[in-house]
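Encoded as structure tokens, the structure appears first; notes follow it.
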Amino acid sequence: MSEALHPRLHAVRPDLADSRLEGQVAAARFVAPTPRRVIGASAALKRDPRPDAAVDTELLRGEAVAVFEETPEGWSWVQNAVDGYVGYVSSDALGGVDPAPTHRVAALRTFVYPGPDMKLPATAWLSLGSAITLGGEVETRGTSFRLLAGGEGAVVARHLVSVDAPAEPDFVAVAERFRETPYLWGGRTSLGLDCSGLVQLALMTAGKACPRDTDMQETGIGRLVEGGVEASLERGDLIFWPGHVGILRDPDTMLHASGHHMQVVAEPLGEAIARIGAPRSVRRL
């Protein structure tokens, strides 16, 4: 299979494939996708339909997916509309596409309460970038809450913005908000994330589309900086190693979700290079 039709980004198996790929790939049968939406706080997207299977990435609340198969064991084979990633997710994490989200979470994370009162025990949490549908607004003891459509609960209003609100102006500043967040392979939320997840979330919050994995990011976003780290580096440059990526906070400091430190850190670029080795490339948006 060509890289252009890599199974990470195309729903294709020997027995089943996306109907939109008919004529491009061989499969026993082709199916038209069914649209669904993530209703859990997040959902692990796995490469195999098993509880112990490796997690490739996570889906966020409100993200739309195309469903190609639902198994009797409770797994759905899906493609995320946000970044095109394909994998298996628990069918329980998915619901209908309507009503469409009206707001997104702008805080690093927020809680869902059973009612508009911060003294009530929280029933769930939502990460930055999650999309939700809201109803009315209620003020309790000076704090404004927005009610979730369908009676699910309430969220602090100041933690939310309209889906049509302007994007964050500085994706590096967004990445800095994740400092000390634990490293989590495949993670894509403010409870835990990996290096490419940090880059993707920061760029998406700033209104910039971004692939999920480091190899896709290295070839799919920005432009190559000739001379690499020996060139004149700038804030926001992305530094790539095989399987790793960091964001320059300034020419001498890199933000990254580090498997060495097991958290998001701001680290002198020279120290990172001494430990990891020479970067393969630098890209600039």
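Taking the Cα centroid of segment 1-66 and of segment 165-224, what is the distance between the two, rounded to the nearest whole Å?
Going from one Cα centre to the other spans 21 Å.
Mind listing the long-range amide H neighbours of Gly187? Cut-off is under 5 Å, sequence gap 5 or more, other chains count too, H placed in the peptide plane at 1.01 Å from N.
Asp194
Name the residues whose placed amide hydrogens come within less than 5 Å of the amide hydrogen of Val225, ignoring near sequence neighbours (fewer than 5 apart) on the same chain.
Val282, Arg283, Arg284
Can you tell me which of 191-199, 59-67, 35-43 comes out highest on packing, and rank the rest after it, using the mean Cβ neighbours within 10 Å? Don't skip to the end; give the middle numbers.
Values: 191-199: 24.1, 59-67: 22.6, 35-43: 19.4.
Result, highest mean Cβ count within 10 Å first: 191-199, 59-67, 35-43.
Which three numbers, in whole Å and largest first, are the semi-axes of the equivalent ellipsoid of the chain derived from its Cα gyration tensor as √(5λ)? Don't skip to the answer; put the middle values down first.
Details: eigenvalues 193, 158, 48 Å².
Taking √(5λ) for each Cα gyration eigenvalue gives 31, 28, 16 Å.
With each run of n ≥ 4 DSSP H residues scored as -39500 (n - 2.57), what mean residue ellipticity at 222 nm is computed for the chain after dividing by its residue count and rounding to the nearest 500 deg cm²/dmol?
On the way: 4 runs with 32 residues, N = 285.
Only helices count here, giving -3000 deg cm²/dmol.
If you take the charge dipole of the chain about its Cα centre, with +1 on Lys and Arg Cβ and -1 on Asp and Glu Cβ, which of Val172, Leu269, Trp125 is farthest toward its positive end?
The one lying farthest along the dipole's positive direction is Trp125.
Over the chain, what is the percentage of antiparallel beta bridges among all DSSP beta bridges, to the nearest 5? Mind dumping the intermediate values first?
Working: 62 of 66 bridges.
If I count the DSSP bridges inside the chain, around 95 percent turn out antiparallel.
Based on the mean of other beta carbon atoms within 10 Å per residue, what is the order of 139-148, 258-267, most packed first?
Ranked from most to least packed, the peptides come out as 258-267, 139-148.
Readers should treat all values here as calculations from the given coordinates under stated rules, not as data from a laboratory. Because the structure is a prediction, the values reported are computed rather than measured. Neighbour counts run over all protein chains shown; Cβ positions are idealised from the backbone, glycine included.
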